[in-house]
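Take a look at the structure set out below.
The values are calculated or read from the model by the stated rules, or taken from the named source; none is laboratory data. Quick caveat, the model's predicted, so the values are computed rather than measured. Backbone-built Cβ (ideal geometry, glycine too); neighbour counts: all protein chains shown. Just so you know, the surface numbers come from the protein's heavy atoms only, side chains and all, with ligands and any DNA or RNA stripped out. Shrake-Rupley method; radii C 1.70, N 1.55, O 1.52, S 1.80 Å.
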Amino acid sequence: MDPTQKPDPVYDIIILGASGFTGKYVVREALKFFQTPSSPLKSLALAGRNPTRLTQSLQWATHPNPPPSSVAILTADTSDADSLRRLCSQTKLILNCVGPFRIHGDPVVSACADSGCDYLDISGEPEFMERMEAKYHEKAEETGSLIVSACGFDSMPAELGLLFNSKQWLSPSVPNQIEAYLSLESNKKIAGNFGTYESAVLGVANANKLQELRRSRPRKPRPSIPGPLAKGPTLENQKKIGLWALKLPSADAVVVRRTLATLMEKPQGLPGVNESPDQIQKREAFWSTIKPAHFGVKITSKSLFGIFRYVTLGVSLGLLSKFSFGRWLLLKFPSVFSLGWFQKKGPSEEEVESATFKMWFIGRGYSEESLVSEGKTKPDMEIITRISGPEIGYITTPITLVQCGLIVLGQRESLVKGGVYTPGTVFGSTDIQQRLEDNGISFEVISKNKIQE
């Protein structure tokens, strides 16, 4: 064997942080595709600090059946660079579930970028994602490491939902604005993921660092969107879907904007490592149907009390995250400051199973692009689409992460060689939508209407 040639990786996927709240659900989802006839996932390992907890996680994920003996348990720590380098040398792809990513994520991305190992995670932290792009994009391009954050509920539904709505605007019509309205539903109480809450506390606390990072980087060209941006109200009663809606500062909007900025530079998408002529044509045809639009996210509730709960959480985060004692209070008593929405112990399995989400995408624009140049700046057309699925943090997130992972394993030649990218940019033109539909996440066109004056 040529001594300069790297040995073939032992594992197709290593799930890092497999014993955490979300990690064990990712293990359960991955096992559905482990060594099945049509799946590229033939070898799997779980990694984390505590082998005993990893074994318990595997037992939980396969219960009542015994765990497969071929799933390996590996010890690794995000604070131990050697252990991360060892992981990268043993696998094609790492699925990283160890958050908050601003604390634990950088060393993992660094090890992957250095080694050429591919990397997906479930981060919804804008500063982390943008910092990884700034620090590691060039290195990852060089080594062939594909690094994609936000492959969970943050921000796959938003990315794919925007693309799905945008595709409905057939020429000569064009969108101006597509707004996402998120509705979380359950017949039990809705319980949030504590890791998400902790990331939000740290994100608000370090908001100035994100601004500094953005100021230090060259501005990317913004897409040209027909018509002016109409600034809507912070709180609205959205009669089309029968819900109150509150504007949300969201990672989704940041990720979507990055995808649209990449499209400005690469309007035909990202060329794959070794695409067939058919794949090239399919990719170029897909991206030619995508039209940029202003994008924002709103959280919804059937009642004003539900909106009050979101406002209470937002105000608490805004006021207390800036001080160390305030952060201690927020993280010590999450249930108090979120009015019961977040708790340290995580939701019960019954609460997870009974929860669902709906995300409406209300697109407004013009039946003909020429209307804008004629001075008619009021949108005259509306297209409403919707994505629906199971509970967001423990069921939808593992589904989207694992399907992205299976695409990386099975279709690597048709994906870009390497670099740090958003999920929409990498997976938008693949069969990801069909895969999610096959796994319980639905995409629907609700209505297409002319807006009456």
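Placing unit charges on the Cβ atoms of the charged side chains and taking the dipole of the chain about its Cα centre, the candidate lying farthest along the positive direction among Leu339, Thr400, Gly116 is Leu339. Using the alpha carbons alone, the radius of gyration of the range 272-317 stands to its Kirkwood radius in an Rg to Rh ratio of 1.42. Rounded to the nearest whole angstrom, the semi-axes of the ellipsoid equivalent to the range 394-452, taken from the Cα gyration tensor as √(5λ), stand at 26, 16, 10, largest first. Heavy-atom accessible area, probed at 1.4 angstrom with all protein chains present, ranks Val408, Val204, Val10 as Val10, Val204, Val408, highest first. Gyration tensor over the Cα atoms of the range 11-148: the corresponding equivalent ellipsoid has semi-axes (square roots of 5 times the eigenvalues, largest first) of 25, 16, 13 Å. The charge dipole of the range 11-148, taken about its Cα centre with unit charges on the Cβ atoms of Lys, Arg (+1), Asp and Glu (-1) only, comes to about 680 debye. Fully extending the segment from Lys266 to Ala207, taken as 0.36 nm per residue of separation minus the present Cα-Cα distance, adds 18.3 nm. For the range 335-410 versus the range 207-225, the spacing of their alpha-carbon centroids is 24 Å.
Within the full protein context, the accessible area of Phe128 is estimated at about 10 Å² for a probe radius of 1.4 Å.
Normalised Debye scattering of the range 361-417 at q = 0.12, 0.29 Å⁻¹ gives log10 I(q)/I(0) of -0.61, -1.09, counting only Cα atoms as equal scatterers and leaving out solvent. Our Cα-only numbers for the range 118-260 put the radius of gyration and Dmax at 17.4, 51 Å. Using every pair of distinct Cα positions in the range 241-398, the Kirkwood expression returns a hydrodynamic radius of 19.8 angstrom. Under 1.5 on a/c is rounded, so check that first for the range 229-301, then, if it is not, pick prolate when a/b is larger than b/c and oblate when it is not; a ≥ b ≥ c are the square roots of the alpha carbon gyration tensor eigenvalues. Judged from the Cα gyration tensor, the range 229-301 comes out prolate (a/c at least 1.5, a/b above b/c).
Based on alpha carbons, the Rg and Dmax found for the chain are 21.8, 73 Å. Rounded to the nearest whole angstrom, the semi-axes of the ellipsoid equivalent to the range 121-166, taken from the Cα gyration tensor as √(5λ), stand at 23, 13, 9, largest first. Can you list the lysines whose alpha carbon sits under 24 Å from that of Lys344, skipping same-chain ones fewer than 8 residues off? Cross-link targets: Lys24, Lys188, Lys189, Lys322, Lys332. Label sites at Ser89 and Asn50, each approximated as a point 7 angstrom past Cα along Cα to Cβ, lie 2.8 nm apart. Once you divide the Cα radius of gyration of the range 182-315 by 2.2 N^0.38 Å, the number left is 1.35. When the Cα positions of Pro66, Ser155, Phe101 are compared along the charge dipole of the range 44-191, Pro66 comes out farthest toward the positive end, with charges on each C-beta of Lys, Arg, Asp and Glu. Taking 0.36 nm per residue of separation and subtracting the Cα-Cα distance, full extension of the segment from Lys135 to Glu349 would add 73.2 nm.
What the Cβ-Cβ distance of Val315 and Ala72 gives, at R0 = 56 Å and to the nearest 0.05, is a FRET efficiency of 0.75.
Close amide-amide hydrogen proximity is noted between Ile190 and no other residue 5 or more places distant or on a separate chain, at a cut-off under 5 Å (H modeled in the peptide plane; Pro and chain starts excluded). Rounded to the nearest whole Hz, the Karplus-based 3J(HN,Hα) values (6.51 cos²θ - 1.76 cosθ + 1.60, θ = phi - 60°) of the range 240-254 follow the sequence 4, 10, x, 9, 6, 9, 10, 4, 10, x, 9, 4, 4, 5, 5, with x at glycine and proline. From a point 7 Å beyond the Cα of Ser324 in the direction of its Cβ, which residues of the range 206-246 have a backbone N at a distance under 20 Å? Those under the cut-off are 206-209. Say a paramagnetic label sat at a point 7 Å from the Cα of Phe333, along Cα to Cβ; which residues of the range 150-192 have their backbone N under 11 Å from it? Inside the label zone: nothing. Taking each DSSP H run with n ≥ 4 as -39500 (n - 2.57) and averaging over every residue of the chain yields -12500 deg cm²/dmol at 222 nm. Among Ser367, Gly306, Thr259, pick out the residue whose Cα is farthest towards the positive end of the charge dipole of the range 156-450, where Lys and Arg carry +1 and Asp and Glu carry -1 on C-beta, about the Cα centre. Toward the positive end, the furthest listed residue is Gly306.
What shape does the range 291-338 take by its C-alpha gyration tensor, where a ≥ b ≥ c are the square roots of the eigenvalues and a/c under 1.5 counts as rounded, a/b above b/c as prolate, and the rest as oblate? Oblate, since a/c reaches 1.5 and b/c is not below a/b.
Close amide-amide hydrogen proximity is noted between Leu415 and Val273, Asn274, each under 5 Å apart and 5 or more residues distant or on a separate chain (H modeled in the peptide plane; Pro and chain starts excluded). Full extension of the segment from Glu284 to Thr36, taken as 0.36 nm per residue of separation minus the current Cα-Cα distance, would add 86.1 nm. Residue-normalised convex hull volume from the C-alpha trace of the range 61-123: 100 Å³ per residue.
Residues whose amide H comes within less than 5 Å of that of Tyr11, counting only those at least five positions distant or on another chain, are Thr91, Lys92 (H built at 1.01 Å from N in the peptide plane). Sorting Ser429, Ser335, Ser324 on solvent-accessible area from highest to lowest, probe radius 1.4 Å, gives Ser324, Ser335, Ser429. Couplings 3J(HN,Hα) of the range 304-311, computed from phi: 5, 4, x, 5, 4, 4, 5, 5 Hz, in residue order, whole Hz [Karplus 6.51 cos²θ - 1.76 cosθ + 1.60, θ = phi - 60°; x for Gly and Pro]. Rounded to the nearest 10 square angstrom, Trp244 shows an accessible area of 70 square angstrom against a 1.4 Å probe. Shape class for the range 89-141: oblate, because the ratio a/c of the largest to smallest gyration tensor axis (alpha-carbon atoms, square roots of eigenvalues) is 1.5 or more and b/c is at least a/b. Sequence-ordered 3J(HN,Hα) estimates for the range 77-93 from the Karplus curve with 6.51, -1.76 and 1.60 and θ = phi - 60° stand at 9, 5, 8, 10, 4, 4, 5, 6, 4, 4, 4, 4, 6, 9, 9, 7, 8 Hz, glycine and proline given as x. Computed over protein heavy atoms with a 1.4 Å probe, the accessible surface of the chain works out to 45 Å² per residue. Of the solvent-accessible surface of the chain, computed with a 1.4 Å probe and all protein chains present, 54% belongs to carbon and sulfur.
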